[in-house]
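Where a number appears in this text, it was derived from the coordinates with a stated rule and is not lab data. In this text, all values refer to a predicted model and were calculated from it rather than measured experimentally. FYI the Cβ positions are ideal-geometry reconstructions off the backbone, even for glycines, and counts take in every protein chain you see.
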């Protein structure tokens, strides 16, 4: 399944042989995973990755690996624990956009750390607990907050909130946790109109065109131009969600694992996604997710701990939009 060729390895585990071998070593040396009497580390990791990649039942994995269901379940939990154990190593440290940035997509957002948004992942919960997990579309799911850098790597993930929870409520929980999302003063993340425009979180104007597929003709006002450039930059989080759901089938449909385990499984998928992007020379999944992909419609003592409306940040957004529009009009006139 893995060592036959890189092609076979990517199909079964979503990574080539070199990346798979390196992951096994990291989980063994720093994640606490070890060979057992009857199973080596690489087989444990292969079973785990194959389950994530194809959302297989334990019964099917047991037939494929010629192991009992109890064995599959036990080693899945061990590998999951090992992956979460090395989360600090796999999460990407955010770096603010510098003042001398020349990338057309990001040069207006100096000090920006990346983008954030929420996504839904279907979960299996007891019938008595389904009501709070029912989203606006009627699906039983969990609301997952994802935060990423501009190079499509996650810096923070919070999973476990009910599907009925508002995105802003999940964000408030994330920044209030002792080990939660840290946003230093002077820096910020791009977020959509579902969040407040306030210190640390820069949102678009409501009531204006925003989504990338809305721009069939050029913007006509400062607010429209700002929204267009905001959407182009913030789209990185949409692509991140597209990448992990393309890579891991367990995130695309209801998994066979209980809800109690799904939060850590979701985080593990994001962590391994980071590892793959940082290690593999070429990620074939990236070519399957278009650039304009959209979802279906550390100084801990000096960080933001509240999410509230702010006139200062409203003025900051207005000034930024006007500066964009002035420069854009001057370039067009020239």
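Normalised by 2.2 N^0.38 Å, where N counts its residues, the alpha-carbon radius of gyration of the range 39-97 equals 1.38. The alpha carbons of the range 30-134 stretch over 57, 40, 21 Å along the principal axes, in descending order.
For the range 135-284, treating each Cα as an identical point scatterer without solvent, what Debye log10 I(q)/I(0) comes out at q = 0.19 1/Å? Log-scaled intensity ratios, in q order: -1.33. Among 211, 50, the ranking by other beta carbons within 10 Å of each residue's beta carbon, starting with the fewest, stands as 211, 50. Counting pairs of alpha carbon atoms under 8 Å apart in space and at least six apart in sequence, what relative contact order in percent does the range 6-85 give? So the answer I get is 30 percent.
Over the range 94-198, Cα pairs under 8 Å with separation of 6+ residues give a relative contact order of 27 percent. Distances between every pair of Cα atoms in the range 146-194, grouped in 10 Å steps from 0 to the bin holding the largest one, split as 20, 58, 21, 1 percent. All C-alpha to C-alpha distances of the chain, sorted into 20 Å bins beginning at zero, yield P(r) values of 29, 54, 16, 1 percent in whole numbers.
For the peptides 80-86, 102-108, the ranking by mean Cβ contacts within 10 Å, running from highest to lowest, is 80-86, 102-108.
For the range 6-85, the spherically averaged projection of the C-alpha convex hull amounts to 4.8 nm².
Comparing Cα centroids, the range 47-79 and the range 160-209 end up 36 angstrom apart.
Highest mean packing comes first when the peptides 250-258, 133-141 are listed by Cβ atoms within 10 Å, giving 250-258, 133-141.
Rounded, prolate or oblate, given the Cα gyration tensor of the range 74-204, with a/c below 1.5 counting as rounded? Working shown, then result.
Values: a/c = 2.39, a/b = 1.46, b/c = 1.63.
Note, shape of the range 74-204 comes out oblate.
For the range 222-271, the extents of the C-alpha atoms along the principal axes are 48, 19, 19 Å, listed from largest to smallest.
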